[in-house]
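Reading through the structure tokens given below for one structure.
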Amino acid sequence: MQYQSTRGHNAAVSASEAIVRGLAPDGGLYVPQEFPRADLEAWRGLDYPQLAAEVLALYLTDYDPAFLQDAAQSTYTAPFAGKAGRVVPVAPGLHALELWHGPTCAFKDYALQLMPKLLVQAKRNLGRTEKTRILVATSGDTGKAALAGYAGLDGIEIAVFYPNDGTSEIQRLQMVTQAGDNVAVYAVNGNFDDAQSGVKRVFGDAEAAAELAGRGICLSSANSINWGRLAPQIVYYFYAYFRLVESGAVAWGQQVDFCVPTGNFGDILAGYYAKRMGLPMGKLICASNKNNVLADFIRTGTYDKRREFYKTASPSMDILISSNLERLLYHLTGDAARVAGWMAELAEKGCYSVDAETLTRLQESFGCGWADDAQAAAMIRRRWEEDRYLCDPHTAVAFCVAEEQRGTAPVTVLSTASPFKFPRDVLAALGAGVPDSDFAAMEALTAATGSPAPESLRCLQQLPVRFRESLDPAAIRAAALR
Ligand SMILES: *Cc1c(COP(=O)(O)O)cnc(C)c1O
């Protein structure tokens, strides 16, 4: 399998090359040149690591299959406590695919626990011996998931920049207590945009690259535009479908809708790959919060980022430029020149409109909707009171949209974070008193619901804080070059 840029101006590359590079040289994203066929009959009986190795082998064709099997085994067994791809019934015709049983309690673990191993092996496949330094700007979940994935790996260093006061207390402690000799964590005096712009400037800084190259270091990014982050997410759509069939909730071959809480469009796009590979899927329903630029796009065909940015209770979906949408536009049109044109319009004017034919294609596969914080909070309470199902604010947005948009097919909502990552918001939604500290709130949430808090979150209170440095955005470059 070869990969080409969504903007089309470069020669095709191998999977290893796409993973080492991240972004294509023309600024586009790497996409596979075809959709491999799923072997549903052969796959339905596999456990999660076996299935992951099968799916990945179809895409990462220059990797040794034995390596993929080992990597999938070590990634998806112990770190997920045997609960990788867990599906739970919530109400008639409604299931939750719980993706938060990994080490950092958010779905990003599925990609970020595996992708570091894929990167190390990609460098071996290509005979590259330089050190790789990963820079990450994060609003919370990505930073910790990346730290946990890259800590202790040979030939890799990682530096994470988070906005001072921009994350929850738990998210901050998850990062500043990270163990490992190859990790660094910095608080940036500013908001997420300040951190992200500072890191993006370093990536575009030729002098910085030359200085690092002189020291044998190459910069790389861990964010979701990398093919190595997208590919592992295709697996759980298949796995969930097989579990629905196994439990009798769905007949073999019957279509299922999936509703996905969406920000950067990575998770839901992985579902589209599963559909194109042959998984019986009806609609992929894109759920947005009040930052509803994607819901508007899927409804109207016009993508317009020129709008107010809201900080919501589902911060991982607070995003106005959804990078992975570019990949979908490429697959819908097969026309790199048109995609490049739309992306140029987005950069220059802040908006673009697709043609009627592309919009029709888009709407054949995707539904959409959005919910604000009050609706999501009401949904957290109703799910708990009616179904005894406890969910986090991101998942609650998807439950709202699934309810509004569902047709006749059974719906599976992707549950993307543990409710204990946002204990104060969840408690407030349940109508309980909210203590000041996140840890007291975790205990109160356990007392109110009988659900235990994940040990990896509870133990944060006892771990030593290793990183206390805060810096101004202008100092990000110097920190990245240390
Ligand atoms: C990152 C994240 C999302 C959004 O996923 P995308 O792939 O960016 O669309 C949703 N929920 C949670 C909890 C997340 O961490």
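The values are calculated or read from the model by the stated rules, or taken from the named source; none is laboratory data. In this text, all values refer to a predicted model and were calculated from it rather than measured experimentally. A quick note on method: Cβ atoms are made from the backbone with ideal geometry, for glycine too, and the neighbour counts reach across all protein chains shown. For the accessible areas, the whole protein counts, side chains as well, though only heavy atoms, and no ligand, DNA or RNA atoms are used. Shrake-Rupley method; radii C 1.70, N 1.55, O 1.52, S 1.80 Å.
Which whole-number value in Å³ per residue fits the convex hull of the alpha carbons of the range 81-122?
78
Once amide H atoms are built 1.01 Å from N in the peptide plane, which residues 5 or more positions from CYS218, or in another chain, come under 5 Å H to H?
Those lying under 5 Å, H to H, from CYS218 are LYS131, THR132, ARG133.
Using the scaling law 2.2 N^0.38 Å as the reference, what is the normalised Cα Rg of the range 92-220?
Compared with the compact-globule rule of thumb, the range 92-220 sits at 1.15.
Mean separation of Cα pairs under 8 Å and 6+ residues apart, divided by the residue count of the chain: what relative contact order is that in percent?
Across the chain, relative contact order equals 18 percent.
Students often check this: by mean Cβ neighbours within 10 Å, which of 470-480, 417-427 ranks highest, and how do the rest follow?
Ranking, from highest mean packing down: 417-427, 470-480.
Rounded to the nearest 10 Å², what accessible area does TYR63 show when all protein chains are kept and the probe is 1.4 Å?
Accessible surface of TYR63 is approximately 10 Å².
For the range 268-344, report the % of Cα-Cα distances exceeding 19 Å.
Of the Cα pairs, 44 percent sit more than 19 Å apart.
Amide H of ALA287: which non-local residues (sequence gap of 5 or more, or other chain) have their own amide H closer than 5 Å, using H built in the peptide plane?
VAL260, THR262
In the chain, if the dipole is taken from +1 on Lys/Arg beta carbons and -1 on Asp/Glu beta carbons about the Cα centre, which of LEU119, PRO32, VAL55 is farthest to the positive end?
Among LEU119, PRO32, VAL55, the one farthest towards the positive end of the dipole of the chain is LEU119.
Quote to one decimal, in nm, the extra length available between GLU357 and ARG128 on full extension: 0.36 nm per residue of separation minus the C-alpha distance between them.
The span from GLU357 to ARG128 would gain 78.1 nm if fully extended.
Computed over the Cα atoms of the range 151-255, what is the convex hull's projected area averaged over all directions, in nm²?
So the Cα hull casts an average projection of 10.6 nm².
Explain nothing, just compute: Karplus ³J(HN,Hα) = 6.51 cos²θ - 1.76 cosθ + 1.60, θ = phi - 60°, for every residue of the range 196-201 in order, whole Hz, x for Gly and Pro.
5, 5, x, 5, 4, 4
Search the structure for amide H atoms under 5 Å from the amide H of MET281, placed 1.01 Å from N in the peptide plane, and list their residues when 5 or more places away or on another chain.
Sorted by chain and number, the residues that satisfy this are VAL256.
Tell me the carbon and sulfur percent of the accessible area for the chain, rounded to whole percent, probe radius 1.4 Å.
48
Give the calculated FRET efficiency between GLU41 and GLN73 to the nearest 0.05, with a Förster radius of 25 Å applied to their Cβ-Cβ distance.
After rounding, the FRET efficiency stands at 0.65.
Not counting ligands, DNA or RNA, and with a 1.4 Å probe, what is ILE380's accessible surface area in Å² rounded to the nearest 10?
10
Rounded to the nearest 20 Debye, what is the dipole magnitude of the chain about its Cα centre when Lys and Arg each give +1 and Asp and Glu each give -1 at the C-beta?
My answer is approximately 300 debye.
How large is the Kirkwood hydrodynamic radius of the range 1-132, in angstrom, based on all distinct alpha carbon pairs?
16.4
Could you check how many percent of all C-alpha pairs in the chain are farther apart than 29 Å?
Cα-Cα pairs in the chain separated by more than 29 Å: 47 percent.
Probe radius 1.4 Å, ligands and nucleic acids left out: which of PHE192, PHE467, PHE242, PHE203 has the largest accessible area, and how do the rest follow?
Output order, biggest surface exposure first: PHE203, PHE192, PHE467, PHE242.
Under 1.5 on a/c is rounded, so check that first for the range 180-230, then, if it is not, pick prolate when a/b is larger than b/c and oblate when it is not; a ≥ b ≥ c are the square roots of the alpha carbon gyration tensor eigenvalues.
rounded
Take the Cα coordinates of the range 328-482, assign each an equal point scatterer, and use the Debye formula without solvent to give log10 I(q)/I(0) at q = 0.10, 0.12, 0.16, 0.19 Å⁻¹.
Log10 I(q)/I(0), no solvent term: -0.65, -0.83, -0.97, -1.06.
Which value, in debye to the nearest 20, describes the size of the charge dipole of the range 87-236 about its Cα centre when Lys and Arg Cβ atoms bear +1, Asp and Glu Cβ atoms bear -1, and nothing else is charged?
With Lys and Arg at +1 and Asp and Glu at -1, about 480 debye.
222 nm [θ] for the chain, helices only, -39500 (n - 2.57) per DSSP H run of 4+, per residue, to 500?
That calculation yields -13500 deg cm²/dmol at 222 nm.
Show me the three semi-axes of the equivalent ellipsoid for the range 233-381, from the C-alpha gyration tensor (sqrt of 5 times each eigenvalue), largest first, rounded to whole Å.
So the three semi-axes of the range 233-381 are 27, 21, 12 Å.
With θ taken as phi - 60° and the coefficients 6.51, -1.76 and 1.60, list the Karplus ³J(HN,Hα) couplings across the range 429-442 in order, rounded to whole Hz; mark glycine and proline as x.
Result, ordered by residue: 4, 6, x, 8, x, 10, x, 5, 8, 4, 6, 5, 5, 4 Hz.
What lysines could a cross-link reach from LYS275, if we take a straight Cα to Cα line under 20 Å and drop same-chain neighbours fewer than 8 places away?
Result set, ordered by chain and number: LYS283.
Let's test the formula: R0 of 30 Å, r as the Cβ-Cβ distance of GLU404 and TYR310. What FRET efficiency results, to the nearest 0.05?
0.95
Tell me, what HN-Hα J-couplings in whole Hz come from the Karplus equation 6.51 cos²θ - 1.76 cosθ + 1.60 at θ = phi - 60° for each residue of the range 461-467, using x for Gly and Pro?
4, 8, 6, x, 7, 9, 10
Report the relative contact order of the range 395-482, percent, no decimals, based on alpha-carbon pairs under 8 angstrom and at least 6 residues apart.
Relative contact order comes out at 18 percent.
Using unit Cβ charges (K, R positive; D, E negative) and no other charged atoms, how large, in debye to the nearest 20, is the dipole of the range 240-292 about its Cα centre?
Computed charge dipole of the range 240-292: roughly 120 debye.
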